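Peer 1: For reference, the structure I am asking about is given below.
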Amino acid sequence: MFTPKYPPQDTAPIPTTLTAPTAYTPAHYVPAPAPVPSAPVSNRPTVQLTPGSTLALVAGGSAAVLVVGTVLVSMLLAVAITAASVAVCAVVIRSILKGNKA
């Protein structure tokens, strides 16, 4: 169960005949054909916004901005609270280690 299982050896026959390399004959350069002009671009817009779709886009964008803003503000608040608690702990530990030498 724990012994490795190796794949079988390759059984392809070894080629016995060697072919001599052929002489290099350069081909003649043929320039590429001229590009075909493309069709004229239409002036018609591809996306037509209706009042309903515009309202949906505005609502979706506003919701995304509110969610991202909430997440960023909460992360900033978490960092500020952590920094304040570390500062308070540093003051307490400093006063404990210094002692009350009066």
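Values in this text are rule-based calculations from the coordinates and carry no lab data. All values reported here derive from a predicted model rather than from experimental measurement. Cβ placement follows ideal geometry from the backbone for every residue including glycine, while neighbour counts extend to all protein chains displayed.
Peer 1: Cβ contacts < 6 Å: first residue free of Cβ contacts under 8 Å to residues at least 24 places away in the same chain, restricted to the range 75-94; second residue loosely packed, with under 10 Cβ neighbours inside 10 Å and not basic (Lys, Arg), any location; separation 6+ or different chain. Result?
Peer 2: Listed by first residue and then by second, the contacts come to nothing, as the list is empty.
Peer 1: Does ARG44 satisfy the condition of being surrounded by fewer than 10 Cβ atoms within 10 Å (Cβ to Cβ) and not in a loop (DSSP other than H, G, I, E, B)?
Peer 2: Judged against the criteria, ARG44 is not a match.
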